[in-house]
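Below is one structure, written out as structure tokens, with a few remarks after it.
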Amino acid sequence: MKLCEDCRKAPAVVFLKLAVNNKVTGMHLCQACAAKKGVALSSETGIFNISDIVGNISGYFNDFLPPERKMLACPACGLKYSQFKETGRLGCPDCYKSFGPQLTELMARIHGSTRHTGRIYTGCGALKLSKAEAARRAETLKAAIKAAVGKEDFEAAARLRDALRELESRRG
Amino acid sequence: MAEIFKGFRPYVTWANARGAWPEMIFSTRVRFARNLDGFAFTNRAAPDRLAEIRRLAFAAAKESGLFPRGHYLKMEALGALEKNFLAERHHISPVLAATACPAGAVVANDEDLSVMVNEEDHLRLQCLSAGFAIEDAFKAALKLDEALGAKLPYSFGEEFGFLTACPTNAGTGIRISCLAHLPAMARLGRMPAALESLSRLGVIARGIYGEGTYVLGDFYQIANAACLGRSEEEFCRNMDTVVRNLIRQEIDARELLLKGPAKLKTEDAVYRAAGLLRCARTLSYSEFMQSMSLARMGVAMGWDMGLDLSTFNQLTLLMQPAHIQAAAGRALAPAERDAFRADSLRKKLQ
């Protein structure tokens, strides 16, 4: 029999399924843990109240994240999700990918929507970076190429090399 | 006195009583929050990278051709008084005035367009228009946004749109706000209920200088709370409907203040306020705003207050603490400011 994924002691009787960001996340829980997470399972009917779950989605990521996910951090800028929760400020554009599922839920609460339907940005012309900035970006790319080659991810390495060439051609 | 004050006009066109409903809507502002791809957001970027962002932003603003004879201001080069002056003119936020990192602002010569650099987001582009003019302000702000976006790589994702440091601004990054003057609703005690129904419509009301500021002289900044999930035009239309409804409520309230025995009471309060503005020997800014609010409503009611609506509007800017000190040509202690304010007001009203 499957054990509860939260307490790992009691048998799981509930499978809580949640579709977030087009991905289905789920968890097998025992009755006690499910109740703790706000899923009120009626002992008589075995039916739980959907509004209880919806009302607790905000607390979902807090309580349901396994310990390793609680340390969730953005690989690009190093911002921890817990830091974002304190300040309300993200660290970089990549944070939107790093904390995607969490932010989707947050967006629904803030904006009543989870998808941009306004203007589409189509990009800009070549950027005239300062020498220092171009050099810094070249160093970052070189390090990333080295790491990709080390992992034998040659596809990524080729892509990064193209980006480096592009950057260097702009420096003239 | 610092050079910066000489570069700025004594009067700004967006504070003139123009556009629709100038009796109730002082000005309209549309802003876009934008960030540059390839850089961390302001709160996590190193000072040298913020300096690079500012360099790129200033260059893009210059190339856009939208800021002829514009002001390019580096925050660290400005004193506290100069920063307060810019905040009082709504060109920079109190947050930008207080920052210690390489930040800046570009302000058009007409002072209708401006860009804050390295505030919470790398770029905050805005257009200010006189009166109730959401469409005009939106078009001008969009033109600025497109001009800068053609030179600078904005952070953009298909799902969440324009990416911002705070998720509350992501999506379109648009904030549409009207500075509404609602003295009659305030006098009738109708504001708490009105603010509550606004919040249910997804609209926020704040003080005169925006987030975290007090309501002065019955001026409320009314703005959209959400900015993701609808088009920019839809957000504009929604705000247009909300503000029109608010205008209607204020007109109703003003009519009530002129009905039957209420009229004498209103007249008395308005003329007393005008008398205070004309006769006071010291006047704090909040006291000025309180009396000015009634006198401004008096002008709208067709009574002779000694000045027209545009002049009252300009005075709400000129009577602010940093503006008073700019006019005096030196830093003044609060008590000195209050005396200077009363003096200059008396001269205007004579």
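I need a count of the residues in the stretch A:111-122 that are in a loop (DSSP other than H, G, I, E, B) and within 7 Å of chain B (Cβ to nearest Cβ). Count: 8.
Looking across the stretch A:111-139, the residues that are closer than 25 Å to B:Glu233 by Cα and modelled with pLDDT under 90 come down to A:Thr122, A:Gly123, A:Cys124. Taken together, the residues in the stretch B:168-182 that are within 8 Å of another protein chain (Cβ to nearest Cβ) and crowded, with 24+ Cβ neighbours inside 10 Å amount to 4. Checking the stretch B:208-223 against the condition returns no match, with no residue being more than 30 Å from B:Ala295 (Cβ to Cβ), of a type in the set (Phe, Trp, Tyr) and not in a strand (DSSP E or B). With respect to the conditions (1) part of a helix (DSSP H, G or I); (2) more than 28 Å from B:Leu142 (Cβ to Cβ); (3) free of Cβ contacts under 8 Å to residues at least 24 places away in the same chain; (4) of a type in the set (A, V, I, L, M, F, W, C), A:Cys77 lacks only one, and its number is (1). The listed residues are B:Leu152, B:Leu148, B:Leu179, and the only one of them that is out of contact with any Gly (no Cβ under 9 Å at 6 or more places or on another chain) and closer than 30 Å to B:Asp252 by Cβ turns out to be B:Leu179. Take B:Ala226 and tell me if it is more than 14 Å from chain A (Cβ to nearest Cβ), small (Gly, Ala, Ser) and surrounded by 17 or more Cβ atoms within 10 Å (Cβ to Cβ). No.
The one condition from (1) part of a helix (DSSP H, G or I); (2) at the interface with another protein chain (Cβ under 10 Å from one of its Cβ atoms); (3) at pLDDT below 95 that B:Glu159 does not meet is (1).
Can you find a residue in the stretch A:137-144 that is out of contact with any strand residue (DSSP E or B) (no Cβ under 6 Å at 6 or more places or on another chain), hydroxyl-bearing (Ser, Thr, Tyr) and within 29 Å of B:Asp145 (Cα to Cα)? No.
Here are B:Leu315, B:Leu307, B:Leu349: which of them is surrounded by 16 or more Cβ atoms within 10 Å (Cβ to Cβ) and farther than 23 Å from B:Ile25 by Cβ?
B:Leu349
The sole residue among A:Ala163, A:Ala156, A:Ala126 that is within 23 Å of B:Pro153 (Cβ to Cβ), in a helix (DSSP H, G or I) and either within 14 Å of chain B (Cβ to nearest Cβ) or hydroxyl-bearing (Ser, Thr, Tyr) (or both) is A:Ala163. So, B:Leu142, is that one surrounded by fewer than 23 Cβ atoms within 10 Å (Cβ to Cβ), in a helix (DSSP H, G or I), in the same structural domain as B:Lys74 (by TED's automatic domain parsing) and modelled with pLDDT of 95 or more or not? Criteria met by B:Leu142.
Do we have B:Ala165 as aliphatic (A, V, I, L, M) and assigned to a loop (DSSP other than H, G, I, E, B) here? For B:Ala165, the condition - aliphatic (A, V, I, L, M) and assigned to a loop (DSSP other than H, G, I, E, B) - is met. Sort through B:Leu315, B:Leu283, B:Leu277, B:Leu307 and tell me the only one that's within 17 Å of B:Gln350 (Cβ to Cβ), under 26 Å from the mean Cα position of the chain (by Cα) and free of Cβ contacts under 8 Å to residues at least 40 places away in the same chain. None of the others qualify; the one that does is B:Leu315. In this structure, A:Arg69 does satisfy being at pLDDT below 90, within 30 Å of B:Ala226 (Cα to Cα) and away from chain B (no Cβ under 11 Å).
Tell me, which helices (runs of 4 or more DSSP H) wholly within the stretch B:9-104 include 1 or more residues that are over 25 Å from B:Gln221 (Cβ atoms)? Give the derivation first.
Working: elements: B:47-64, B:80-88, B:94-98.
Hits in the stretch B:9-104: B:47-64.
A search for C-beta distances below 7 Å between a residue of the stretch A:115-130 that is in contact (Cβ under 8 Å) with a residue 24 or more places away in the chain and any residue that is charged (D, E, K, R), counting only pairs 6+ apart in sequence or on different chains, returns A:Ala126/A:Arg170. Scanning the stretch B:39-57 for residues that are more than 9 Å from chain A (Cβ to nearest Cβ) and under 16 Å from A:Cys124 (Cβ atoms), we see that the one that is surrounded by the fewest Cβ atoms within 10 Å (Cβ to Cβ) is B:Ile53.
The number of residues in the stretch B:318-336 being in contact (Cβ under 8 Å) with a residue 40 or more places away in the chain and either of a type in the set (A, V, I, L, M) or assigned to a helix (DSSP H, G or I) (or both) comes to 9.
The values are calculated or read from the model by the stated rules, or taken from the named source; none is laboratory data. Keep in mind it's a predicted model, so treat the numbers as computed, not measured. Every residue, glycine as well, gets a Cβ built from its backbone with ideal geometry; the counts of neighbours run over all protein chains shown.
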